[in-house]
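Have a look at the structure below, then the notes.
The values are calculated or read from the model by the stated rules, or taken from the named source; none is laboratory data. Note that the structure is a prediction, hence the values are computed from the model and not measured. Reconstructed Cβ throughout: ideal geometry from the backbone, glycine too, with neighbour counts over all protein chains shown. Protein only, heavy atoms only, side chains kept; ligands, DNA and RNA dropped before computing areas. Shrake-Rupley method; radii C 1.70, N 1.55, O 1.52, S 1.80 Å.
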Number of protein chains: 2
Amino acid sequence: MTEIALRERRRRQTEREIGDAALDLFEAGGVDGTTVDDIARAAGISPRTFFRYFPSKERAALVPHVELDERVEAMLAGLSADRPLLDQLEEVWREVLLALDDGRSEAGRLLLRVRRLMRAEPALRLAAAAVDEERLDALVGHLVRLVGADDDLEPRLVVETAGVAVRVSLDRWAGAREAGRAVDLLETYAQACRVVRSPGR
Amino acid sequence: MTEIALRERRRRQTEREIGDAALDLFEAGGVDGTTVDDIARAAGISPRTFFRYFPSKERAALVPHVELDERVEAMLAGLSADRPLLDQLEEVWREVLLALDDGRSEAGRLLLRVRRLMRAEPALRLAAAAVDEERLDALVGHLVRLVGADDDLEPRLVVETAGVAVRVSLDRWAGAREAGRAVDLLETYAQACRVVRSPGR
DNA sequence: GGTCAACCTGGCAGTCAGTGCCAACACGGC
DNA sequence: GCCGTGTTGGCACTGACTGCCAGGTTGACC
């Protein structure tokens, strides 16, 4: 029992250490300019061990934020079949963006670094897309079960649509921050949701 | 002049030959089970030459359909700033899907094979996502210039939203076809557009 | 018809990502 | 102190991808 929890905590810590090292190196020398050996050396582990923690070097920059993830999980578990799904999803993502506290919270600071990097690194965008795909697929599955649909077309479209608003908002936020401009993430997201809801002019 | 056109035609032909070989092999043994050497051998070229045609093995399965691409290009060039962009984009994509003729046209047959493969092959989905990203970015740039916006938030969201409808429709089409069910691509797309336009309930 | 220049191609050698296998090791439970 | 489980690192290997160079092709031009 406690043993498992202990190991889990240890694992998380190592994960974070490797992730931090990767992020530093990626920022300093680009993803292509950084080898797995570099990351492993910086994190004090062997390359072989690196691949026991991450399936690719890009993924090391995308360590999930456990605490935030758990909150999302809880919110998604609480979705109701009785209200429009898009409304509820937008509320959930809004909560998440709020938790980033414009880059001041732990999760926010981290995500800001990652999204900034992503803007310059196609390889990172790809890796992030793969992660997103998995998560959104799972979410679609959940929604299908929730509303008892025999067809996942609508849930899938709603999930993807909501996802687009989030992704575009985050990207613009990171881009503006990088350029020194201040952009309110939540306001951008609200605007994005508006556009997505009535995209014709 | 003519020389360039000739070389271009030659190049296209080789591209198609390599692409066909890759598609065959991917269908037979999966993407992971196929090496670049395999593809090169089947296409009668050296591995070194393969990489002069494609930047990765996955991309060999995603050879653009020149004829269709040119039509799309022409349609996108004819977009007007005076009508809602989403309406126009949906019309363009509708034309494209129409040209697939439910998998009976050359382009349709090819795309059906590719989309089928993509459903089983994450690596292919990733590669396709990278291609899409580039194209959609270019389209967003075009729209920004067209409407003279100082801000690409709205065009980007519109383009991505329209893209989601297309992608989801194609995926469902390929999936249904694979399962032996008949699904009308255009009808699915129309339904997807409807959902995307009023995603709440 | 021969020469020139601009490609196109293949081979070679090298880097690096990622994996299977095995031996050493850490550690909590007994 | 011993045991089982899980973690780690080294080794060797496959395979993607690249830079470089040495022929070969081909159309253009005299």
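The table below lists the values:
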{"item": "Residues located in region A:35-60, provided they are in a loop (DSSP other than H, G, I, E, B) and either under 16 Å from the mean Cα position of the chain (by Cα) or more than 14 Å from every other protein chain (Cβ to nearest Cβ) (or both)", "result": "A:Thr35, A:Gly44, A:Ile45, A:Ser46, A:Phe54, A:Lys57"}
{"item": "Considering residues of region A:10-39 that are open to solvent by less than 30 Å² (accessible area, probe 1.4 Å) and near DNA strand C (Cβ under 9 Å from one of its atoms) only, the residue nearest to A:Val131 (Cα to Cα)", "result": "A:Val31"}
{"item": "B:Arg177 being surrounded by fewer than 22 Cβ atoms within 10 Å (Cβ to Cβ) and without any contact (Cβ under 8 Å) to a residue 60 or more places away in the chain", "result": "no"}
{"item": "Test: residue in region B:109-123 that is under 24 Å from A:Ala176 (Cβ atoms), assigned to a helix (DSSP H, G or I) and either within 14 Å of chain A (Cβ to nearest Cβ) or open to solvent by 60 Å² or more (accessible area, probe 1.4 Å) (or both)", "result": "no"}
{"item": "Failed item in (1) touching a residue at least 60 places away in the same chain (Cβ under 8 Å); (2) away from chain B (no Cβ under 14 Å), with A:Arg145 passing the rest", "result": "(1)"}
{"item": "Residue in region B:159-181 that is more than 12 Å from chain A (Cβ to nearest Cβ) and among the β-branched types (Val, Ile, Thr) present", "result": "no"}
{"item": "In region A:61-77, residue farthest from DNA strand D (Cβ to nearest atom) [restricted to those that are within 13 Å of the chain's Cα centre (by Cα) and aliphatic (A, V, I, L, M)]", "result": "A:Val72"}
{"item": "Where a residue in region A:82-100 is open to solvent by less than 10 Å² (accessible area, probe 1.4 Å) and its partner, wherever it lies, is of a type in the set (D, E, K, R) and assigned to a helix (DSSP H, G or I), with Cβ under 9 Å and at least six apart", "result": "A:Leu86/A:Arg197; A:Leu100/A:Arg109"}
{"item": "Given (1) away from chain A (no Cβ under 11 Å); (2) touching a residue at least 24 places away in the same chain (Cβ under 8 Å), index of the condition B:Ala192 fails", "result": "(1)"}
{"item": "Residue count for region B:1-34, restricted to those that are assigned to a loop (DSSP other than H, G, I, E, B), without any contact (Cβ under 8 Å) to a residue 12 or more places away in the chain and near DNA strand D (Cβ under 8 Å from one of its atoms)", "result": "1"}
{"item": "The listed residue being closer than 30 Å to A:Cys193 by Cβ and within 16 Å of DNA strand D (Cβ to nearest atom), out of A:Glu58, A:Glu90", "result": "A:Glu58"}
